[in-house]
Amino acid sequence: VDLKECLQSAEFVSSSDGNFKVLEDGSVYTTSALSLSAEKKTFTILLQDTEEQVQKKIHVSLVEEEKKTPKTRHARDTVLKRTKRRWAPIPSVMIENSLGPFPLQIQQVQSDTAQNYTIYYSARGPGIDQDPKGLFYIERETGNIFATRAVDREQYPSFQIMCFAITPDGYSPEIPLVHTIRIEDDNDNAPYFTQDLFEFCVPENSRPGVVVGKVTAEDRDEPYTLHTTLKYRIVSQTPPITPAFSLHGDTGVISVLLPQLDRELVPSYTLLVEVRDMAGQPFGLCTTGTVVVKIEDTNDNAPSFKQLQYETRVEENRVSVEILRVSVVDLDEPGSPGSGAVYEIIRGNDDQAFEITTDKNTNEGILCVVKGLDYETAKQRILVIGVNNEAPYLLAPHSQQLSQSTCSVTVNVLDVDEGPVFKPCLLRLDVKECEDIGTAVGRYVAQDPETGNSEGIRYRIPPGQCNWINIDDKSGEVRTVRVLDRDIGEMRRGQCNITVLAIDRNGKTGTGTIQVCIVPGNKNFPRILQTDYIMCRDRKPICLTAQDGDEAPYSAPFVYRITDRNLASKWKLTPHDENSWYLSPMGDTPYGIYEIPVSVIDNGGKIGENTIRVNLCDCVTPTECDGRTRQLSGGNVTLGLWAILAMILGSLLLL
């Protein structure tokens, strides 16, 4: 079949039927004996171009060919019949990179029918018709197969040659023979490492046996032979000290050998490793490679101060100022958590006046004052500073636990001429409500920190503040300038903060704050909310309720009293709760209208006078007596309007 005409760029050619094989030149061969029936036998040749993703098919139909009658035969004049092939030599073997001489006989194929007929041999296949020069050829008369030159197994591991036995008149008494020529491997390729450089890391102080990494190599020779059986070994180590690592000869795994890997002594190792085929035999081919093992840092070195004692100074009252830098020595890897210093103040900082932080660039400790120091209180402060690492400390093998490194810092406080200082800085003054103007409510003085007294200090209140008090400029005595009333304007808040200045002879100024709080006073009289009542014949007690505008303790509970002795003998008061008392008549008090004077005394002793008007009426409901009386009674009893009209009407009737 013409493959190029169908698909010139075909890369793969295959048959749908395993009984047929298609070569690259389009030749079609049977792979086994076939018996064709009366029906046609068909199969498909598949062509593929993977790059262009093109696929085409050639459909092939086979029919049984008619047998030819030979014109010339041997004396027995028998008719040749197609018989099962009997020639089948074992596969040939050719040594890779053979030195010849060439042409080199590989094998001889011979047909059994050559005993009866003149047979000529031919062959087709890779290395014969595909190679213009021809790697192999077959002698036409003898069937000997020769190689024309040496072959590289890595390029051509084997060849399959189709051999034909043909009579001079073109008849083939035998089925074509597929002859295999296998190229026997020669150890002509040295093994090679898969990487130019292998880099691994392992923590320092790792135990022996810890796996560091694995090196791998490959060999292009025939697999599963001695030519590709590899062995590894370490040739040399840099630095050339006690061997630190071992290399497994079969797997290429590198493990820790030295019990003490110290990064501070040797930060990295360079290993020259070798891989050799032929199971490591001296005559095997070998290649070397490089392995770099970096020792990773662990925090096995505690930091220590360069100095055990430091001394510095700072002015009093200075805040947020750096006063000292301390430094440490740490043998661990710079910039790693194992060498990063963390400082702390262990003693001498009970008032939290100092703070120490770490400079990430220099790893120094920066000591700062965060709260002003007072020279008059303490002229010198002694601090004890400790240091640790960011990472936890790991004890190296065969070493002892170390204590934390510390240093002492002496801070000398420098005296500064300061302004007066109020003590306390905030003074609370409670002023009773409605006190008279000019009432002395307290005294607020400052002291000179250097002398400890108040001589020569003058006081004043800056303008723009609530004008409730003033202060004497010499004595610091505080007096009211207004009547403080919680019911008036800005005083409803009940308090006001007032800033006071203290100025010494040198003009230095100090400030303090007076918090004036208005304490509620007893300024309001209690009064009864309702004063007019009607009491019917059931004489049910009246509940009197008082109210006081003051706050506790100057309001409830209240005490009620009847101030008229005459009425006090006819009426009585009984308590109900803190704000209310009951008013009721005593005995057979006559009906009539009574005006009863009642005094109410609050919890602060302030008395409120009230007059309660009670219409004691002979009625069932209060509406019956609205505006009139039903009975006349003695004493302070008066006649109602309807009673007077009734008397006038009776007089007229009598007249």
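The values are calculated or read from the model by the stated rules, or taken from the named source; none is laboratory data. Computed from a prediction, not measured in an experiment: that's the story for all the values here. Every residue, glycine as well, gets a Cβ built from its backbone with ideal geometry; the counts of neighbours run over all protein chains shown. Accessible surface areas use protein heavy atoms only, side chains included; no ligands, DNA or RNA. Shrake-Rupley method; radii C 1.70, N 1.55, O 1.52, S 1.80 Å.
Rank by packing, highest mean first: peptides 96-108, 376-388, with packing defined as the count of other Cβ atoms within 10 Å averaged across residues. Walk me through the numbers before you get to the answer.
Details: 96-108: 14.2, 376-388: 16.4.
Descending packing order for the listed peptides: 376-388, 96-108.
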* So which of Lys371/Lys432; Lys423/Lys523; Lys294/Lys360; Lys21/Lys56 end up more than 29 Å apart by C-alpha? -> Lys371/Lys432; Lys423/Lys523
* Using only Cα atoms, tell me the angle between helix 641-654 and the longest principal axis of the chain; keep it within 0 to 90° and round to the nearest 10. => 40
* Asked: So, in nm, how far is label Thr358 from label Phe146 when the simple model puts each one 7 Å beyond its Cα toward the Cβ?
  -> 8.5
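How would you classify the chain from its alpha-carbon gyration tensor, with a ≥ b ≥ c the square roots of the eigenvalues: rounded for a/c under 1.5, else prolate if a/b is greater than b/c, otherwise oblate? Display every interim value, and only then the final one.
Values: a/c = 6.39, a/b = 2.38, b/c = 2.69.
The shape class here is oblate.
In the chain, carbon and sulfur make up what percent of the accessible area (probe 1.4 Å)? Show your work: numbers first, answer last.
Numbers: 18840 of 37860 Å².
Roughly 50 percent, rounded to a whole number.
Computed FRET efficiency, Cβ-Cβ of Arg318 and Asp250, R0 56 Å: what is it to the nearest 0.05?
On the way: r = 72 Å, r/R0 = 1.29.
With a Förster radius of 56 Å, E is 0.20.
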* Asked: Which percentage, to the nearest 5, of the DSSP beta bridges contained in the chain is antiparallel?
  -> 80
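Calculate, for the range 421-519, the solvent-accessible area per residue in square angstrom, rolling a 1.4 angstrom probe over the heavy atoms of the protein chains. Numbers along the way, then the final one.
Numbers: 5430 Å² over 99 residues.
Averaged over the residues of the range 421-519, the accessible area is 55 Å².
For the full complex of protein chains and a 1.4 angstrom probe, list Leu324, Leu177 by accessible area with the highest value first. Intermediate results must be reported in sequence, preceding the final value.
Numbers: Leu324 25, Leu177 5 Å².
If we order Leu324, Leu177 from most to least accessible, we get Leu324, Leu177.
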* Asked: Gap in Å between the Cα centre of the range 242-275 and the Cα centre of the range 349-392?
  -> 46
* Protection-proxy order for peptides 477-484, 503-510, 644-651, each taking the mean of Cβ atoms within 10 Å per residue, highest first -> 477-484, 503-510, 644-651
* Inter-probe distance in nm under a simple model that places probes 7 Å from Cα toward Cβ, at Gln309 and Glu609 -> 8.8
